[in-house]
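Undergrad: A single structure is presented below for examination.
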Amino acid sequence: MRLSEIRQMEVKVTVTNMANRMIQLDFPNDQRIEIQLLSAGEVVLTKWSENHAIKDKPVSVLINPGEHVEYKESIATRDLTPGKVFTAEVFFPKYPDLKIRQKFLTEP
């Protein structure tokens, strides 16, 4: 990943319902996902929620069998340095088992 002058990285996560029945995800506010950027030593460098206002707006999301829902957000990369390995971690705060991690190398 090249650190651009914008100092933002787009993150996209897709949740697919692999079950044979509809699933319901309930959210207490308008935050669906949390994104964290971690150093090679697993230190959290930045969190998406630190730069966004979260409103109390409960909602339920229904996902039919075989269907998916996609979330796209951007996170600040100002705390990243070139030529190092970092980890992007995305999870649902209310459903911590729904988590994915991806390591990436910033270009020098």
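The values are calculated or read from the model by the stated rules, or taken from the named source; none is laboratory data. None of the values given here were measured: they were computed from a predicted structure. Cβ placement follows ideal geometry from the backbone for every residue including glycine, while neighbour counts extend to all protein chains displayed. The area values use the complete protein model at the heavy-atom level, side chains included, leaving out ligands, DNA and RNA. Shrake-Rupley method; radii C 1.70, N 1.55, O 1.52, S 1.80 Å.
Undergrad: Name the single residue, out of those in the range 15-45 being under 19 Å from residue 102 (Cβ atoms), of a type in the set (A, V, I, L, M) and open to solvent by 50 Å² or more (accessible area, probe 1.4 Å), that is farthest from the chain's Cα centre (by Cα).
TA: Across the range 15-45, the extreme among qualifying residues is 40.
Undergrad: Which ones in the range 7-55 are farther than 20 Å from residue 81 by Cα, in a strand (DSSP E or B) and not aromatic (Phe, Trp, Tyr)?
TA: 12, 13, 14, 15, 16, 23, 24, 25, 26, 34
Undergrad: Go over the candidates 74, 60 one by one and state the one that is in contact (Cβ under 8 Å) with a residue 40 or more places away in the chain, in a strand (DSSP E or B) and in contact with an Asp or Glu (Cβ under 7 Å, 6 or more places away or on another chain).
TA: Answer to the selection: 74.
Undergrad: Give me the pairs, please: first residue somewhere in the range 81-108 and assigned to a loop (DSSP other than H, G, I, E, B), second residue anywhere and among the aromatic types (Phe, Trp, Tyr) and at pLDDT 90 or above, beta-carbon distance under 9 Å, and either six or more positions apart or on two chains.
TA: Qualifying pairs under 9 Å: 93/27; 94/27; 106/86.
Undergrad: Please indicate, with yes or no, whether at least one residue in the range 46-68 is β-branched (Val, Ile, Thr), open to solvent by 30 Å² or more (accessible area, probe 1.4 Å), within 16 Å of the chain's Cα centre (by Cα) and under 26 Å from residue 107 (Cβ atoms).
TA: no
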